[in-house]
Amino acid sequence: MRVAVVAPSLFELKAACSVAISKLAATGHEVHAIVVSNTPVSFMSAKKEEEGPKETLLDNAGISQIHFVDGFDYSAITQANADKINAHIKVISPSAVIMPHWKSPSHNHMILARTTLIACRGVGSILMYEVNNNANFVPTIMFPAKRDFGIQTGDLDVAEERYESHRLLLLDEVEMV
């Protein structure tokens, strides 16, 4: 299975969900990082050369490939931003995406998360992390996309029904209406 992890920097990606990435990579999943920056292309090229060899970054985290999105506008949720992320999502074609939580107290994380949701329409599983509250994020429940594993629709419906009460516990009162 291919997994895409979206973050504003490699440092944050490692801080937020390095345990989950390591476990996914150890079990044979292909993990891609999408690093979303607001810096222009020319500065990103110089910065990539300064960071050192990519092999070191990839080997340490369990990431098979790093994709860079540059020129991201963190001031608003826009289709142009979503298109930049979606271009990488199309290339990776992930079964699951790990991204910042859409209700993050950080304005930049919230913009990135909501834009990523738009860019990831059609992806089977989306998991979210919050850097400040959960540095050791490890997903415990993952539902595979129906198209990926040939699961019968009835089997998936039973599993989804089993966890419906857990989902309701996590929703705010406004969302349940």
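Structure summary
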quantity	calculated
Sorted peptide list for 85-93, 14-22, 29-37, criterion being average Cβ within 10 angstrom, highest first	29-37, 14-22, 85-93
Contour excess over end-to-end distance, with Cα ends at residue 91 and residue 118 and 0.36 nm allotted per residue	8.1 nm
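Coordinate-derived values only; no laboratory data. These numbers come from a predicted model, not from an experiment. Backbone-built Cβ (ideal geometry, glycine too); neighbour counts: all protein chains shown.
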